[in-house]
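A.B. asks: Dropping a structure here in structure tokens format, bear with me for questions.
The values are calculated or read from the model by the stated rules, or taken from the named source; none is laboratory data. Model, not experiment: these values are computed from the prediction. Because the Cβ atoms are built from the backbone with ideal geometry, glycine has one as well, and the counts that use them run over all protein chains shown. Just the protein is used for accessible areas: all its heavy atoms, side chains included, with ligands, DNA and RNA removed. Shrake-Rupley method; radii C 1.70, N 1.55, O 1.52, S 1.80 Å.
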Amino acid sequence: MNRTIFWRSGCLDEIGLVYERAGREERFAAELEALEVQALEEARANCGLFRTSRGPLTLEQYDALPEEKREQVLYRLGRAGIAGMDLDHSDGVIHVKLSPIFAQSMACSLFVLLNSLEKLDGGFSERIPGQATLTLYVPLGARRGLMRWEMLLMGLYPWVKCREVSSGQASPSATPAAGPGPKTPTAPEREKAAPEEPQKTEKKGLFARLFGKK
């Protein structure tokens with residue numbers, strides 16, 4: 001697999017297992033490579049959503065970041081694209097509410113979701129009969145290109161079947177790369193032009209484990 005993201009930052013603690021899974025079939029490996037390319041494009045195009053002590057993170061500042069800091073931008077952008085996740089073991093449904101910014105962070109958010117599904121593999125899948133339904137609540141205007149990645153999710157995790165439901169929310173228009181974006185969680189200001197480490201979540205239990213401790 002020709003990887004362009006190595007996730008050395010540890011933001012996604014189970015992502016190595018996702019790559020191992022994808023590496024077993026050439027078509028899945030190729031799709032994961034394509035997901036990397038799209039995620040990198042998203043992070044660079046939307047780096048202005050992150051703030052430094054001097055204002056929004058510029059393209060020049062983003063390009064100068066070390067690899068691990070750029071991974072944190074991808075991770076935080078991906079987290080911003082997922083508004084919530086809830087599990088219903090009784091019905092075998094995984095509810096994932098996507099935020100209005102998802103259209104700008106689709107690939108980054110898919111990496112976060114893949115990491116979550118890897119955590120669920122085995123435990124959740126063994127407790128439900130048949131397939132689990134991954135219900136994605138998608139903002140208006142954010143469905144374009146999503147089916148391709150749903151196929152990847154279902155290929156890597158055969159116990160999952162995807163279902164799209166409209167969230168009723170509208171996606172914001174595209175944001176200039178170096179300019180301020182829609183209101184989303186941003187990194188606190190720092191002296192250096194680099195995004196802050198991903199904030200630690202206060203959520204406990206299974207939901208916290210799904211999204212990792214970073």
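A.B. asks: Carbon and sulfur together cover what percent of the accessible area of the stretch 14-92 at a 1.4 Å probe radius?
C.D. replies: Values: 1610 of 3550 Å².
Of the solvent-accessible surface of the stretch 14-92, carbon and sulfur hold 45 percent.
A.B. asks: Still on this structure, I have one more. Work through the residues other than Gly145 whose Cβ is under 13 Å from its Cβ and net out their charges, Lys, Arg +1 and Asp, Glu -1.
C.D. replies: Details: positive: Arg143, Arg144, Arg148; negative: Glu31, Glu41, Glu42, Glu150, Glu164.
Taking every other residue near Gly145 into account, the sum is -2.
A.B. asks: Report the antiparallel proportion of the DSSP beta bridges in the stretch 62-171 as a percent, rounded to a multiple of 5.
C.D. replies: On the way: 6 of 19 bridges.
Taking every DSSP beta bridge within the stretch 62-171, about 30 percent pair in antiparallel fashion.
A.B. asks: Can you give the three extents of the C-alpha atoms in the stretch 35-98 along their principal axes, from longest to shortest, in whole Å?
C.D. replies: Each principal axis gives a Cα extent; for the stretch 35-98 these are 49, 25, 18 Å.
A.B. asks: Let me ask you something else. Need one word for the stretch 1-108: rounded, prolate or oblate. Basis is the Cα gyration tensor (sqrt eigenvalues a ≥ b ≥ c); a/c below 1.5 gives rounded, then a/b vs b/c decides. Before the final figure, lay out each step's value.
C.D. replies: Values: a/c = 2.14, a/b = 1.26, b/c = 1.70.
Note, shape of the stretch 1-108 comes out oblate.
A.B. asks: Got a sec to turn the phi values of the stretch 93-98 into Karplus ³J(HN,Hα) couplings, 6.51 cos²θ - 1.76 cosθ + 1.60 with θ = phi - 60°, whole Hz, x for Gly and Pro?
C.D. replies: 10, 10, 8, 10, 8, 8
A.B. asks: Report the label-to-label distance for Asp91 and Gln131 in nanometres (one decimal), using points 7 Å from each Cα along the Cα→Cβ vector.
C.D. replies: Modelled inter-label distance: 1.7 nm.
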